[in-house]
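Contents: one structure, followed by commentary.
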Amino acid sequence: MAQPTFPARVAYGYEFTTVEEYTPSATAGETMAYGEICTLAANVVKRAGADPTSIIGLSEVDSEKAKGLTPNGKIPIRVFSEKATLVMGSDTVPVEATHLNVAYGIVRDGTTGFWKVDVSDTTNTRVVVVRLNVAEGLWYVRFLGANLADSGIVS
């Protein structure tokens, strides 16, 4: 069965998120699209790379277009805590008995740019699977506090 392809988004737990303005990276090619996982370094937000740390949240805008939303050129980022639940896809068909309550890495798809749960990575874990919709291939995850920039909780 082909797995769904879509951008990561907050599924529930919006009360554990805020929207904050950040200066976007000015490095060429580091624009962020809707659903991009973002990291924060030196008060600059950028698209996350492989095995991201200092994760600040999720871009819900196209960063280049959103620069015009504010007079200071900052863009809105949905900042989440370890209590916010996101829905993501995966290349793997979810199996409750195997994947539920397990920590995995995440990977950015090279073709679509969408972030996915990577069940082959149990070393560089970033998320824990808290719910699955097997019929639709949906993975509900929470980020581990140790990798969140705004979290004082170590998971």
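The values are calculated or read from the model by the stated rules, or taken from the named source; none is laboratory data. These figures come from a predicted structure and were not determined experimentally. Neighbour counts are summed over all protein chains in view; Cβ atoms, including those assigned to glycine, are modelled from backbone coordinates with ideal geometry. Heavy atoms of the whole protein, side chains included, go into the accessibility calculation; ligands, DNA and RNA do not. Shrake-Rupley method; radii C 1.70, N 1.55, O 1.52, S 1.80 Å.
The table below lists the values:
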{"item": "Set K65/K116; K67/K116; K46/K74 screened for pairs whose C-alpha atoms are more than 23 Å apart", "result": "K65/K116; K67/K116"}
{"item": "Charge-dipole axis of segment 1-60 as Lys and Arg at +1 and Asp and Glu at -1 on Cβ define it, positive-most pick from T39, G57, T5", "result": "T5"}
{"item": "Listed residues K116, K46 arranged by accessible area, highest first, probe 1.4 Å", "result": "K46, K116"}
{"item": "Å² of accessible area per residue within the chain, as computed with a 1.4 Å probe and no ligands counted", "result": "48"}
{"item": "Accessible-area value, T98, 1.4 Å probe, nucleic acids and ligands omitted, Å²", "result": "80"}
{"item": "Helical contribution to [θ] at 222 nm, DSSP H n ≥ 4, -39,500 (n - 2.57), averaged over the chain, rounded to 500", "result": "-500 deg cm²/dmol"}
{"item": "Segment 100-154 - percent of accessible surface contributed by carbon and sulfur, probe 1.4 Å", "result": "46"}
{"item": "q = 0.13, 0.14, 0.19 Å⁻¹, the chain: log10 I(q)/I(0) [Debye, one scatterer per Cα]", "result": "-0.55, -0.64, -1.15"}
{"item": "Accessible surface ranking that places the most exposed of Y104, Y12 first, with a 1.4 angstrom probe", "result": "Y12, Y104"}
{"item": "Heavy-atom accessible area ranking, 1.4 Å probe, most first, across E36, E20, E15", "result": "E15, E20, E36"}
